[in-house]
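Let me begin by presenting the structure, written as structure tokens, before commenting on it.
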Amino acid sequence: MAKKKLQVAVTVNQPFILEKNGKYSGFEIELWEMIAKEMGVKFSYTKHAFKELIPLVASKKADVALGAITITEKREKIVDFSHPTFNSGLRILLSKKRSQIDFAGTIRAFVTQGYKQLIKPGLALLVITILFGHLLWLSERAGTTIDPTYFPGVFQAIWLSLSTILGAGDWNGVYTASTWFGRSVLTLEQLANLAVLGLFIGEVTAFITTRKIRLNIEGPNGLKGKTVATVQGTTSEQVLKDLGATVVPVTKIDEAYEKLKKNKVEAVVFDAPVLLYYSLNEGAEWSEVVGELFDPQDYGVMMQDDSPLRKDVNIAILALRESGAYDELYKKWFS
């Protein structure tokens, strides 16, 4: 077979594939170039989003794809993979400042989510106000300030109740409780509403406290119900859905880092080496990787289904492992 120039599709994924001034480097780039040298083939790179890699290779628009691509049964049905070139898994990236309260973010979260916690106390307040308003009207309708007819008398009584609860006596206008029974009703209503007010305060405090504590994620089980960013089309996307997380898909992992930095998500989940590399370099000041490795996976060189390259690629990988060249490359990037 004449050895044509291979089209190699890549996606930037540090430290596996890095790009600077149009030139590529990284663990997988160096490994592939060693494999290509063993095979004696020429090639050229083209850059794509991760989600485009499988369709490109499956449609035979690219011969090879690189970018920390996980070998899965589903993918093996439409493309081929080499022997595993890297053993990995998923890790969790968090902000080091996650325990600090972001007041603006907390207010936004309360408006969009936390209000649900006030529905029950709000309904209780409404019921108490209406109930005691009616009792007050019944006790005061024979007096001179509350209208004896149901409408508008009951509204006058409810208004008197509300203004008394709020401590705004001047709002009452001419509405007052002239009987001892009416005054007792107002007193009981104030006591009842103090209890409801305590519930309001308790719910708001609980929301803020929970928002502060809930970001102390220690492992995959702590991701349930959290907003988590990951790269669209990767295996981590489905893993997060299975864990019950709210997935925020991004095109590039750098977008996930920015969302976490700006508190738009609560965590980032992605390939362990990628997150570790970032947290020890660009993200060292503000981010950290937590928890143990989960969802173990293997990466490989992706090729077209039934690719004639597969055998030669595998032989080259085995040769690099046996010669010690693979181990030296591994130490260079992951020591």
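Each peptide in 283-290, 266-273 receives the mean, over its residues, of other Cβ atoms within 10 Å, and ordering these scores from highest gives 266-273, 283-290. Note that the chain presents 54 Å² accessible area per residue, ligands and nucleic acids not counted, probe 1.4 Å. For Lys74, the lysines whose Cα falls under 26 Å of its own Cα, not counting residues fewer than eight places away in the same chain, are Lys47, Lys51, Lys60, Lys61, Lys224, Lys241, Lys252, Lys311.
Roll a 1.4 angstrom probe over the protein heavy atoms and tell me the percent of accessible area of the chain that is carbon or sulfur.
58 percent
Under 13 Å from the Cβ of Pro148, count the other residues' Cβ atoms, weight Lys and Arg +1, Asp and Glu -1, and hand me the total. Around Pro148, the charge tally is -1. If only the Cβ of Lys and Arg carry +1 and only the Cβ of Asp and Glu carry -1, the dipole of the chain around its Cα centre is close to 460 debye. Here the peptides 135-147, 118-130 are ranked by packing, the mean other Cβ count within 10 Å, and the order with the highest first is 135-147, 118-130. Straightening the chain between Thr251 and Leu197 buys 14.8 nm, computed as 0.36 nm per residue apart minus the Cα-Cα spacing. Counting charges near Ala325 (Lys, Arg +1; Asp, Glu -1) among other residues having Cβ under 13 Å from its Cβ returns a value of -2. Listed by number, the DSSP H helices of the chain that run 30 Å or longer by alpha-carbon position along their axis and have mean Kyte hydropathy of at least 1.0 are 119-140. Across Arg98, Arg75, Arg183, the residue with the most accessible area heads the list, and the full order at a 1.4 Å probe is Arg183, Arg98, Arg75.
What is the distance in Å between the Cα centres of the range 50-73 and the range 260-335? One Cα centre to the other: 16 Å. Within the shell of other residues whose beta carbon sits under 13 angstrom from the beta carbon of Lys77, the net charge comes to -3, with Lys and Arg scored +1 and Asp and Glu -1.
Fully extending the segment from Trp180 to Thr72, taken as 0.36 nm per residue of separation minus the present Cα-Cα distance, adds 31.0 nm.
The values are calculated or read from the model by the stated rules, or taken from the named source; none is laboratory data. Predicted model, so just to flag it, every value in this text is computed and none were measured. As a convention, Cβ positions derive from the backbone with ideal geometry for all residues, glycine included, and neighbour counts pool all protein chains shown. Only protein heavy atoms, including side chains, enter the accessible area calculation; ligands, DNA and RNA are left aside. Shrake-Rupley method; radii C 1.70, N 1.55, O 1.52, S 1.80 Å.
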